[in-house]
Amino acid sequence: MGRVLIAPSIISCDMLNLKREIAKIDKAGCDLIHIDIMDGHFVPNITFGPAVVEAIRSATKKPLDCHLMVKDPHLFVKDFIKAGADIVTIHVESDVHVLRTLEIIKGEGKKAGITLNPGTNISAVEEALQYADLLLVMTVNPGFGGQSFIPSMYDKIKRAKELTLMKNKDIFLEVDGGIKVSNAKRVVECGADILVMGTEIFKSKNYAEKIREVRKSVGQ
Ligand code: DX5
Ligand code: ZN
């Protein structure tokens, strides 16, 4: 198992002080910054667009990991790349032509991610894996931070890992939703390389300490 990467999800941060929060989380030793883009159609919530990503880009050098929970993401991926996204992840359920959209992302020289809702079978991303650099397994129903990890997703993470190995794809396996110090070790044992954590980090008193605690809990 390589080094487990920590990707704090800023949806749970103090939005009124976004610049300060980005500086704090950067200094706290995160590996990537996870930015949840929601359009109110694909998920019942609305967050931010390219302008906020551009602002965050100006405040940190950490890789920006943009999780697009939007309908027809092909309409927007280039805008988020222009704004500074390093990874753009789309939902297999949200785009009629996922392979084409993943190719657009890669054509722009960025990392392409594919993700799926908890209720979608892992086989739904099998074809997309050949074009993806990252597979994101959602372990809550997307739309909000602070939800509980869905226990049946442990097995799904394992099956996702098996699928990437079967496709002989050297691909990052990212897990997102309800990840805490208490379940991080088991999630990593199931095959996760990157842990997205919103509430667990941003509702803690000391971001650096919490990140250290997570790393320690997974034996790093
Ligand atoms: C949910 C988002 C997740 C979420 C993670 O739709 O994709 O990134 O914000 O937050 P926690 O860690 O609080 O579940
Ligand atoms: Zn997310």
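The values are calculated or read from the model by the stated rules, or taken from the named source; none is laboratory data. What you see is a predicted model; the values in this text were computed from it and never measured. Note that we place each Cβ from the backbone using ideal geometry, even for glycine, and neighbour counts take in every protein chain shown. Heavy atoms of the whole protein, side chains included, go into the accessibility calculation; ligands, DNA and RNA do not. Shrake-Rupley method; radii C 1.70, N 1.55, O 1.52, S 1.80 Å.
Within segment 178-219, the set of residues being within 12 Å of ligand 1 (Cβ to nearest atom), open to solvent by less than 10 Å² (accessible area, probe 1.4 Å) and either more than 11 Å from Ile6 (Cβ to Cβ) or out of contact with any Asp or Glu (no Cβ under 6 Å at 6 or more places or on another chain) (or both) comprises Ile179, Ala184, Val187, Leu195, Met197, Ile201, Val214. For the structure I just gave you, tell me whether Lys78 is of a type in the set (D, E, K, R), farther than 24 Å from Leu5 by Cα and surrounded by fewer than 16 Cβ atoms within 10 Å (Cβ to Cβ). Against the criterion (of a type in the set (D, E, K, R), farther than 24 Å from Leu5 by Cα and surrounded by fewer than 16 Cβ atoms within 10 Å (Cβ to Cβ)), Lys78 does not qualify. Of everything in segment 97-125 that is touching a Phe, Trp or Tyr at 6+ places or on another chain (Cβ under 9 Å) and in a strand (DSSP E or B), the residue that is surrounded by the fewest Cβ atoms within 10 Å (Cβ to Cβ) is Lys111. Filtered by the rule that a residue be within 17 Å of Gly49 (Cβ to Cβ) and charged (D, E, K, R), segment 6-36 gives a lone residue, Asp36. Can we say Leu135 is among the hydrophobic types (A, V, I, L, M, F, W, C), surrounded by fewer than 23 Cβ atoms within 10 Å (Cβ to Cβ) and either in contact (Cβ under 8 Å) with a residue 60 or more places away in the chain or more than 13 Å from ligand 1 (Cβ to nearest atom) (or both)? The answer is no for Leu135.
Any idea which of Ile105, Ile56, Ile87 is in contact with a helix residue (DSSP H, G or I) (Cβ under 7 Å, 6 or more places away or on another chain) and within 16 Å of ligand 2 (Cβ to nearest atom)? Only one candidate passes the filter, namely Ile56. Checking segment 154-167 against the condition returns a match, with at least one residue being open to solvent by less than 30 Å² (accessible area, probe 1.4 Å), within 16 Å of ligand 2 (Cβ to nearest atom) and of a type in the set (A, V, I, L, M).
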